[in-house]
Amino acid sequence: MTSDRFPPILFEALAALRAKRDSISWPQRQQIAAELGKHIADDGPSDVAATLANVLAADPQPEVRKEVADLLPYLPEDAFLALAAKLEQDPNAFVRSAVAKVIARRQKTAKRQQQSRRELSKVESSFAAMAKIHGPLAAEKARKLADEQYETLVRTTLHDLKNIVSPISINTSTLLKQFSDGKPNAARCVELIGDVQRQLAYLESFMLEMRNYAQTSNADRPRCRIADLVTEAVNMTRDLLQKSKIDPESITVIHAIPPHLTAPVIRHQVVMALIHLIKNACECFDLNQGRPHKGPREVHITAEPQPGGVLAIGIRDTGPGIPPKHLAELREFSLGHSRKKEHGGTGFGLPTAYRFATAHGGSIAIDSHLGKGTLVLFTLKSGDDDAVATASEPNGDDDQPPTGESV
């Protein structure tokens, strides 16, 4: 950034500080440092800004130097390294602590950027290997398909984000109008603030689901008991439902998982996938077009080995079932097909569960009949056939009765 955009008041402060530092009181110097930070954050750094930062970094008052430490992230690399090295040796502990936090954040950002470059390089290497094995035409077609999927994901996500942000914008505008009119209605303001809080909570949930959807599968896979994974997922689902409008006490979850069934898994991914599927099953009872569900409100969870070293975890509900049109859309496991957005659903749950299933060598199958309920089969590789065959045999105390409990 050129110096012609540098605020005149900061120019004057630099000249005064160079001539005689004491001509400006230290609280004013602290304010100058704060204003310099805002200016650099908004308009970018310049040589003049870096010069003023250096002058303020030598200030005898630690409060002023602390403000300089806070603006370090906005400086270019050379200026950042020089000032950070200087302030790291500061005699004041608060200044040193502020610098340490800034350096840690910068290192974390650099690490993320490096990881992103590695991941992009890995993708390019995969396309190059594909071209070598299958020919450049096949690699180019795969690249185009990947680009199309990426564009679809971005469009869908932007559409969903717009639907979240628009009500926040409308509510904040209405709230501002309440005060600009000079006679704000307290009850209406509280209502609007509550709406904004709920919408922001949903936005936070949406971003968390996006992050979960994008998680990679390179973690270690220790062998875990399926019964433990299911129990953990059921307990976490109960906590999630308690935060929603669904009464968890009104739904009974029955799970009978043989404790000797195990599989090598990335634990948090499988638990997350099961949470999505169990939560979907629990929520189905309130999706019957506003009509109360008649009959039992139960979710049954089972697990059993299948041929080929596969474990199948079944989640069956006694809900109203899924209409054929929606069922066909859900079986695509793509974003944007949520039936529950009016109930706080983000549309990432089922696609995320499917990604985690395929990352474990399995898949998800959905079977549903109107008026009878839905069965979701979550499969994953168990490791080897022998382990499954042995695990599936009853063994004394391993036999346990089914557990039935309100979610």
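Things to note:
- Within the listed set S363, S121, S382, the residue fluctuating most in the Gaussian network model of the chain (springs between alpha-carbon atoms under 10 angstrom) is S121.
- Gyration tensor (alpha-carbon) shape descriptor, region 36-168, a/c threshold 1.5: prolate
- Charge dipole (the chain, unit charges on Cβ, about Cα centre) - positive-most of S166, P320, L335: S166
- Whether region 112-255 is rounded, prolate or oblate, judged on the alpha carbon gyration tensor where a/c under 1.5 counts as rounded: oblate
- Cubic angstrom per residue, convex hull over Cα atoms of region 3-105: 85 Å³
- Charge dipole (the chain, unit charges on Cβ, about Cα centre) - positive-most of L192, A129, A263: L192
- Selection among A142, A84, Y74 by position relative to the dipole of region 38-151 gives A142 as farthest towards the positive end (Cβ unit charges, Cα centre).
- Relative protection proxy for 261-272, 82-93, from highest mean packing down: 261-272, 82-93 (other beta-carbon atoms within 10 angstrom).
- Taking Cα atoms only, the orientation of helix 26-43 departs from the longest principal axis of the chain by about 50 degrees.
- Relative contact order, percent, region 183-290 [alpha-carbon distance under 8 Å, six or more residues apart]: 35 percent
- Nearest-ten-degree value, helix 93-134 long axis tilted from longest Cα axis of the chain: 50 degrees
- Sites listed here are trypsin sites (Lys or Arg not before Pro) in region 173-218 whose DSSP assignment is loop and whose Cβ has at most 10 other Cβ atoms within 10 Å, and the list is empty.
- In degrees, nearest ten, helix 136-180 long axis to first principal axis of the chain (Cα): 70 degrees
- With viscosity 0.692 mPa s and temperature 37 °C, the Kirkwood radius over alpha carbon pairs of the chain converts through Stokes-Einstein to a diffusion coefficient of 125 µm²/s.
- In terms of its alpha-carbon gyration tensor, region 145-213 comes out prolate; a/c meets the 1.5 threshold, and the first ratio a/b outweighs b/c.
- Subtracting the Cα-Cα distance of N92 and T152 from 0.36 nm times their residue separation leaves 16.4 nm of extension gain.
- Here the chain is treated with +1 on each Lys and Arg Cβ and -1 on each Asp and Glu Cβ, and its dipole about the Cα centre works out to around 840 debye.
- Selected from P323, P259, P76 as most flexible by GNM, with the chain as the system and alpha-carbon contacts under 10 Å: P76
- Mean separation of Cα contacts under 8 Å (6+ apart) over length of the chain, as relative contact order %: 12 percent
Values in this text are rule-based calculations from the coordinates and carry no lab data. Bear in mind that the values here come from a model prediction, so they are computed numbers and not experimental data. Backbone-built Cβ (ideal geometry, glycine too); neighbour counts: all protein chains shown.
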